[in-house]
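Q: Sharing a structure below in C-alpha cells format, with a few things to ask.
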C-alpha cells in the first residue's frame, strides 16, 4: 500500500515536472532600431554623441510600464536586450549617420571630442511605455560646434500612439520617437554648419 502510494506520488510529480507545473513563463527581450531615412546629400562632418542620459527609473533591464500618473510597474518577463542607455545611444548614432549623411558619427567618449566638428549631449527626461496606448520620449539636447563653442539647446517631445498592446509594437513606437528626436538634432547640426559656410 505504501509502495503504491509512493509510486503514485512519484508519477504525478514527474508528470507535473514534465508538463512544466509551477514553472515561470519565458522572458522576452526587445531592442530599439534605427529607422531614419538616409540623407540625399553626403557629408564629411564628424559628430560625437554623448553623454546620453536616461531617467534612473527606466534604466534597468525590465521594461517599465506606466500604470498611472504616479505609478509604474516592472515587467519581469519583458526586458530590454541591452542596457537602455546603450540602446538609445546606439540608435541615435545610427539615425544621425543616415540623416546627416556621414559615416563619422561616433559615441563620446569613444572618440576624442576635439576630433568632432559637433558634439551632441542628450538628457532624456521622460521615457514612458504604455502598451496599447503610446510610447513617449521627452529629451533636452544640446549641439555644440567645437570650432567656436557656439551651442543650441532644444527640447524634443515625441509621442507615438499604439493600436496594439504587444511589446514588439511598443519597441517599434519608441524607435519612431527616437527617429523624430534624431531628426531634430540632425537638422540643428546641418543648420549650424550652413551658418559658417
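Q: Yes or no: residue 121 outside any loop (DSSP other than H, G, I, E, B), at pLDDT 95 or above and within 23 Å of residue 37 (Cβ to Cβ)?
A: no
Q: With the requirement that a residue be surrounded by 17 or more Cβ atoms within 10 Å (Cβ to Cβ) and in a strand (DSSP E or B), what does region 39-52 give you?
A: 47, 48, 49, 50, 52, listed by residue number.
Q: Next up: Between 10, 67, 36, 15, which is modelled with pLDDT under 95, outside any loop (DSSP other than H, G, I, E, B) and either closer than 29 Å to residue 108 by Cα or touching a strand residue (DSSP E or B) at 6+ places or on another chain (Cβ under 9 Å) (or both)?
A: 67
Q: I'd like to verify a number: residues in region 59-78 that are closer than 28 Å to residue 119 by Cα and in contact with a helix residue (DSSP H, G or I) (Cβ under 6 Å, 6 or more places away or on another chain), how many?
A: Of the residues in region 59-78, 1 are closer than 28 Å to residue 119 by Cα and in contact with a helix residue (DSSP H, G or I) (Cβ under 6 Å, 6 or more places away or on another chain).
Q: Also: Among the listed residues 93, 57, identify the single one that is touching a strand residue (DSSP E or B) at 6+ places or on another chain (Cβ under 7 Å), surrounded by fewer than 18 Cβ atoms within 10 Å (Cβ to Cβ) and in a helix (DSSP H, G or I).
A: Of the residues listed, the single one that is touching a strand residue (DSSP E or B) at 6+ places or on another chain (Cβ under 7 Å), surrounded by fewer than 18 Cβ atoms within 10 Å (Cβ to Cβ) and in a helix (DSSP H, G or I) is 57.
Q: Collect the residues in region 129-186 that are in contact with a strand residue (DSSP E or B) (Cβ under 8 Å, 6 or more places away or on another chain), crowded, with 20+ Cβ neighbours inside 10 Å and touching a residue at least 60 places away in the same chain (Cβ under 8 Å), keeping them in residue-number order.
A: 129, 170, 171, 174, 178, 181, 185
Q: Failed condition for residue 69, given (1) under 27 Å from residue 192 (Cα atoms); (2) more than 18 Å from the chain's Cα centre (by Cα), with all others met?
A: Only one criterion in (1) under 27 Å from residue 192 (Cα atoms); (2) more than 18 Å from the chain's Cα centre (by Cα) is unmet by residue 69, namely (1).
The values are calculated or read from the model by the stated rules, or taken from the named source; none is laboratory data. Not measured: the values here are computed from a predicted model. Glycine gets a Cβ as well: all are built from the backbone with ideal geometry, and neighbour counts include every protein chain shown.
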